[in-house]
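A.B. asks: This is the structure I want to talk about, given as structure tokens.
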Amino acid sequence: MTSALVPDVPRNAPVRRPLPYGRSRNDHTPPAEGQVSLRDLMRIFMRYRTMILLIVGITTTAVLIQQLLSPTLYKSTTNVQVELIDQVGTNQADVNSRNAERVANAVRLHRSGSAAEQVIKDLNLLHNPDFLNEMGNPTLTGKPLLQAAVNKLLSMITIDSEAGSDLIEISVVARSPELAADIANEIPPAVRALRGAMTNERRSELLASLEQEQQARGRTAVASAQLVADFRERNHMLAGAGTDEDLAQINRIAVQSAAATAARDGAAARSAGIARASTMQSTAMVTSAALDQLERHRGELVGEASKLSTSLGPNHPDVKRVHSELAAVDKSIADERAAVQAAAQADVAAKGDQMAQIARSEADGDAAQASRLEGIVAGLSSMAYHNTENRVELDKLLRQADLDDQAYKSISARIEQVRAQMQMEGVSSSVVSPAVPDYNPVAPTPFKLALTAFVGSSLLALMIAYLRDFLDDRLRTMAQIRRQFGLPTLGMLPLLTRDTSFDPKDSPVIKEPQSLFAEVARSTYSEVRGLQRRAGVQVVLVTSPLPGDGKSTVSLTLAAAGIALGERTVVLDLDLRKRGALQQLQNESSAPDLVDIVCGRAELDSLAIPHQGNPYDQDEPLSSDAIARQIVLLSAKEPVAEPAVLLSSNRLRILLGQLRERFDLVIINAPATLAVRDARAMCNFADQTVMVARWGHTTGDQMRAALESLDDSVGGVIFDQVDYAEHARRRYGDSVQFYADSASYYTSSVAGREAWAARIRRFFRGHSWRPSEV
């Protein structure tokens, strides 16, 4: 059977479905997350302007009233200079740190309750009418009055200091300029008096105790050192005794002893060699002065004999005489050479004996040295063994002495630290600029503080509104459905009044066909029919994430719109687990029960099948009641105990086939998707699945969970119970925002656009929008 609204088109041909009311094909993708445009801020302001204006109005008004009711206040200021440390040659960073600490200590002293109490006593403020007026003329007495006065005075005083400066500024705000000046000038003397009265008694006692402890630990350290010294003296243990130093010393002396032994052996060998060498020395070339003279005289005689023999002949008496003298000289030379050689041999022998004796003496000395060193090594070895035995006791004494010395040094360092802290806390200051009465008031400043409150509260209200909008996960717009789930919005059914019944004859679609609700319902119906890509009967499953979202109302509304458009529609209610509006309607009608039809106790033919065609094309137009009676509803009169048995029965599938043959549109009202699993099983019965979202109530997480449970079978979303006035007031951006401009097209009451004067009045009143009816 061909629908009158859906043309016969090829199965895979693209179909340009009509847009639902409130949807635009020119919707733009919203800004990326994390980017907030001025348009977004304006929309947030329009959505939450009542809250924003309420926060801003209350805050600004409260500040303004407080300022107008506040008394006139005057301010006086005193500048105090703090004496800093100026040490040349020390670490400058440490000096700066200590100076900063001195200034901070001065600020704390001037801001202390003790200083305030001292000022009260010095100025006798408890009997000063101006100060009592500052306190509100209390009725307290005694210590409570003094404590209240101290708290009030501290609230009047402000003390500031700049980093790197030695000046501190003391400001006092009071209703009387003279009182403010007197208090400001009295604070530095009060601090000096307080500092003089409150000496460092506790630290002095601590220092005295530490000094006594230092003396006691000093005596203990001296006694421990003396025990070590006595033990060393008694056991002849010098520094290093009993340690590796003993072995090193023994090794050094042993090396010296070995060297002395080697030197002894070398000297003995050298003595023997000298003795042998003295016997091997030649004296052939030994000479003397007399021998040299005889050799010269012989040479002269040989020359003279040769000359005379040549001239006179060998027998000449002179020649003979010369030869006789020559013989006498030769004999003298022989005797002299023998004497000289004998003397030389005697001298060589004497020198050899001398050198041999020296070598023997050196050998004897080296032997004595080696023997002495060997004795020393033996003695040191014996002492080393003795020192090793005493080392355990000596180490014990040394450890105790070291502990006592460390304890003494620790207490000494603590004493120096306490003295340094006492020097640091001993801050002195002087007034460099005393306060004078200033008759120019500093408060109240209504305009300034009101403007500040207005700006601050506006920013705070915008932040609260943005946070509220950011955390609001409830679904309201088509853009949310498209952006978060990639699904089209098939329609946005307006909110009905509470007195509207579920009876089809009371449906605005039939009763008021020119109303806004009827127009939106017909547009939604056309959009649902547009999900069918081919001509013919269509079975649509209607479900929602949770119960109460309005799926039963949507099912009846779609059926009413179908009947109004001339198509035969039937609502098959398979939400059988609990009693609902459709079961109530089933009980009120004479139609057979769904369970009876499935079980065979009733026939489908007993149903009144509506006529095909537009009811207004009849010869006599049908009344609204007659049109409403054409809506066919199949439901159970009572909840079904085991609906799974019914849903899985073959007879239900046969019934669906019969309904396809007799109707143009079969609407299956399924249970809530997140409540039970029935909706997931029913998806196989339908050509398309439609998810119903309750406007401003269904959250994104609920919709996401429902869609995940149905996989990809959902073709679109229908918003139910849409508050058009609220939607437009909040400027959510859909075409619903401009619905009031089309009020002339509808016969029913439509929230129209307000006049500009009314808008301005409502804007400043901060009331919610309840537009006029047109």
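A.B. asks: Rank by packing, highest mean first: peptides 107-116, 637-646, with packing defined as the count of other Cβ atoms within 10 Å averaged across residues.
C.D. replies: 107-116, 637-646
A.B. asks: From the cross-link list Lys75/Lys448; Lys121/Lys448; Lys75/Lys152, which pairs have alpha carbons spaced over 26 Å apart?
C.D. replies: Lys121/Lys448
A.B. asks: Dipole of the stretch 370-420, Cα-centred, from +1 at each Lys and Arg C-beta and -1 at each Asp and Glu C-beta, to the nearest 20 debye?
C.D. replies: Its charge dipole is roughly 180 debye.
A.B. asks: Let me ask something else. What are the ³J(HN,Hα) values, in whole Hz, obtained from phi via the Karplus relation 6.51 cos²θ - 1.76 cosθ + 1.60 with θ = phi - 60°, for each residue of the stretch 366-377 in sequence order, with x given for Gly and Pro?
C.D. replies: Per-residue couplings from phi come out as 5, 5, 5, 4, 4, 5, 5, 5, 4, x, 5, 4 Hz.
A.B. asks: Can you give the charge dipole size of the stretch 113-209 about its Cα centre, rounded to the nearest 20 debye, using +1 on the beta carbon of Lys and Arg and -1 on the beta carbon of Asp and Glu?
C.D. replies: Result for the stretch 113-209 is approximately 420 debye, rounded to the nearest 20.
A.B. asks: Something else now. Which lysines, on any chain, are close to Lys409 with Cα under 27 Å apart, when same-chain ones fewer than 8 places away are left out?
C.D. replies: Candidates past the 8-residue exclusion: Lys396.
A.B. asks: In addition: Would you work out the relative contact order for the stretch 80-190, in percent, from Cα pairs under 8 angstrom that are 6 or more residues apart?
C.D. replies: After rounding, I find 34 percent.
A.B. asks: For Lys331, give me every one of the lysines with a C-alpha distance below 21 angstrom, ignoring sequence neighbours fewer than eight places off in its own chain.
C.D. replies: Filter leaves Lys320.
A.B. asks: Where does the stretch 299-374 land on Rg(C-alpha)/(2.2 N^0.38 Å)?
C.D. replies: Details: Rg = 27.3 Å, N = 76, 2.2 N^0.38 = 11.4 Å.
Expressed relative to 2.2 N^0.38 Å, the Cα Rg reads 2.40.
A.B. asks: Follow-up. Please compute the per residue accessible area over the stretch 637-676 with all protein chains in place, 1.4 Å probe, rounded to a whole number of Å².
C.D. replies: Roughly 46 Å² per residue, with all protein chains present.
A.B. asks: Let me ask you something else. Give the relative contact order (percent, whole number) for the stretch 479-590; include only Cα pairs under 8 Å separated by 6+ residues.
C.D. replies: About 23 percent, as a whole number.
A.B. asks: How far is the Cα center of the stretch 140-165 from the Cα center of the stretch 558-600, in Å?
C.D. replies: Centre-to-centre (Cα) distance: 81 Å.
A.B. asks: If you find the alpha carbon centre of the stretch 378-397 and of the stretch 86-139, how far apart are they in angstrom?
C.D. replies: 68
A.B. asks: Moving on to the next point. Roughly how many Å² is the accessible area per residue of the stretch 364-501, as a whole number, for a 1.4 Å probe?
C.D. replies: So the stretch 364-501 comes to 61 Å² accessible per residue, rounded to a whole number.
A.B. asks: Please list 55-67, 660-672, 304-316 highest first by mean number of surrounding beta-carbon atoms within 10 Å per residue.
C.D. replies: Result, highest mean first: 660-672, 55-67, 304-316.
The values are calculated or read from the model by the stated rules, or taken from the named source; none is laboratory data. Source: prediction; values computed, not measured. All Cβ positions, glycine included, derive from the backbone under ideal geometry; neighbour counts span all protein chains shown. Note: areas computed on protein heavy atoms with side chains; ligands, DNA, RNA excluded. Shrake-Rupley method; radii C 1.70, N 1.55, O 1.52, S 1.80 Å.
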